[in-house]
Amino acid sequence: MAERSTAAVDVADSDGEESLTAEAGKATADGAGTQQKAGTDTEAAGNRDKGAAADVNPPELHSGHKLARRYRLEECVTRLDGFSSWRAVDEKLRRAVGVHVLPADHPRARPVLAAARSAALLGDPRFVQVLDAVEENDLVYVVHEWLPDATELTAVLASGPLEPHDAYQLVSQVSQAMAAAHREGLAHLRLNPGSVLRTESGQYRIRGLAVMAALRGISSEHPQRTDTESIGALLYAALTQRWPYDKDAHGLSGLPKGVGLIAPDQVRAGVHRGLSELAMRALVNDGATASRQDQPCTTPEELSKAVAAMPRIRPPEPVFTPSPAYQHTTYQQGYGQPPAHGGPSRTARPVAAPLPPPPPLQSRTGKALKWTVSALLIAALGLGSWQLADTLLKEENKPDPGRSTSQKDDDKPGQVASKPIQIQDAAEYAPDGKPQNADQAKLTHDGDASTLWRTYGYNDGPRLAPYKKGVGIVYDLGSEQSLKGASIGLHYGGSYTEVSLYATDSLTPSASGSDPVGSFKKLATEKTSGKSVDLKVKSEAKARYVLVWLTALPYSPPEQYFTRPYKQAITEVKFTG
């Protein structure tokens, strides 16, 4: 069940239960949505097309069915109101995805398509990304990311309330993400513990932006206020393990009836006072405000600014628990003695008493022997010192193999040192006709490590094959050179980057056959998890045009404009001959 809640699609019922019946008319109504006063302006809109949705039978789909000859349906996780949601596999990119499917004549089909396409344009990595939105063969389906390593907040709160630092991170990240969405005109309207995921690294991801509300036919006259109150409810639940209304929802117990909305620090002892007040400032639908005359927060932007104005809550200090096998030894307790606590002293091996030193030599014979031994030791030391000095002098007179023969102080010729080769020009090599960033190729030999050539991002890796044979740049060395190696600076570390060197016949070579580098001479190849790699050409090679070819790209966390995880960038390339 934990795995299912981890990656369940974003249309689970608001009280945490999932309806798997094929009869949409028997579907459960929204749980928490009818509990929040902020949701009352959305309930009417949802009920208006409830009957119309019930008249539309969900598509007859089954496990193994393929959409667009690409998305193979694996498991139905929700079947409700004429639509169904599935865990699926993208066979083209070999990854798990989630899919919402509904008939093209469903009354919500058009709003769902519009919402999915708008959410996909946002491209913010704090949201579960919409990957595809298609109308095909009388069906409308929306494909989104599936995060198997993330856990629903519902499951996290089932084990207890969050620590203050974790609750602070939750409200900070979610409010900032929703503020960014509202700046682009997008609202969620269904934020609850089932739509917030926590990754293994402690980051929070929001799923169902705009799409969840469109699937349920929900709208709001005050979308910013609705989402802000929902974030306040999330923070309230994180601090108290209680839902801030008088009905149970999302696996959490509600507040006692007739009591009204009371501050989190009055519900549970030890709650952080600042976070408690922040939750009350967000839950304005019941007229709740914090103490000290602070104004309520009515938009995610206001809430994120209020979070930023708080003193930062630091994570708890790690507690060091020494292993039972570790025993601190003092001068009062010898290493051979049994430990004072816990050790079975009866079975401890007895420690033998140290032997007394031999008696000193006091006789005349003993004195003569001492003087003889001392003289021999002094002679041995003198002989050893002379041999050491002689050896050092001989080593000093040996020729240094690293010196060039042009040095005047060398009597014997040494090994010629490697010299840098000047790069004259560079051009991206794209044998499939789909270049990455061709205009950036010259930035890899401009002497500035802050400029770079960047590959596209890919959803699967590290190997690019079979979707792409590789990506790379051809360098012109000006004339045919004896090549010994290359040093390549990389922007991303991680497991792993694979780089190869090839000799080509021109700055813009032509690929022959299905292998774009099959006709080139391979000079060297290396794998690295660092941010630089040195390639050495083992046999003597001469070339004017050299291809730096990447066939594996490392994983790196999503960035603002580069959300796909497998990518690389080359900062500087240097050749030696």
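A few notes on this one:
- Condition check for residue 498: assigned to a strand (DSSP E or B), under 22 Å from residue 440 (Cβ atoms) and acidic (Asp, Glu): yes
- Failed condition for residue 106, given (1) open to solvent by less than 60 Å² (accessible area, probe 1.4 Å); (2) under 19 Å from the mean Cα position of the chain (by Cα): (2)
One line per residue, one yes/no per condition, for (1) in a strand (DSSP E or B); (2) closer than 16 Å to residue 198 by Cβ; (3) open to solvent by 10 Å² or more (accessible area, probe 1.4 Å):
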site	(1), (2), (3)
87	yes, no, yes
93	no, no, yes
99	yes, no, no
142	yes, no, no
148	no, yes, yes
157	no, yes, no
169	no, yes, yes
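- All of 508, 525 fail the test of being β-branched (Val, Ile, Thr), in a strand (DSSP E or B), open to solvent by 10 Å² or more (accessible area, probe 1.4 Å) and out of contact with any helix residue (DSSP H, G or I) (no Cβ under 9 Å at 6 or more places or on another chain), apart from 525.
- Qualifying positions in the range 435-467 - aromatic (Phe, Trp, Tyr) and exposed (fewer than 15 other Cβ atoms within 10 Å of the Cβ): 467
- Output for the range 452-466, where each listed residue is modelled with pLDDT under 90 and more than 13 Å from residue 565 (Cβ to Cβ): 463, 464, 465, 466
- Here 119, 133 are screened, and the one residue that is crowded, with 19+ Cβ neighbours inside 10 Å, part of a helix (DSSP H, G or I) and of a type outside the set (Val, Ile, Thr) is 119.
- Matching residues, the range 193-247, being free of Cβ contacts under 8 Å to residues at least 40 places away in the same chain and either in a helix (DSSP H, G or I) or surrounded by 24 or more Cβ atoms within 10 Å (Cβ to Cβ) (or both): 244
- Breaking point among (1) under 33 Å from the mean Cα position of the chain (by Cα); (2) buried (at least 20 other Cβ atoms within 10 Å of the Cβ); (3) assigned to a strand (DSSP E or B); (4) not aliphatic (A, V, I, L, M), for residue 516: (3)
- Residue within the range 228-246 that is more than 18 Å from residue 161 (Cα to Cα) and out of contact with any Asp or Glu (no Cβ under 8 Å at 6 or more places or on another chain) present: yes
- Among the residues making up the range 252-277, those that are open to solvent by less than 80 Å² (accessible area, probe 1.4 Å) and small (Gly, Ala, Ser) are 253, 254, 260, 263, 270, 274, 276.
- Scanning the range 531-546 for residues that are at pLDDT 90 or above and either in contact with a Cys (Cβ under 6 Å, 6 or more places away or on another chain) or not charged (D, E, K, R) (or both) turns up 532, 533, 535, 537, 543, 545, 546.
The values are calculated or read from the model by the stated rules, or taken from the named source; none is laboratory data. Computed from a predicted model, the values in this text were never measured in an experiment. Ideal geometry is used to build each Cβ from the backbone, glycine not excepted, and the neighbour counts take in all protein chains shown. These area figures cover heavy atoms from the full protein model, side chains too; ligands, DNA and RNA do not enter into them. Shrake-Rupley method; radii C 1.70, N 1.55, O 1.52, S 1.80 Å.
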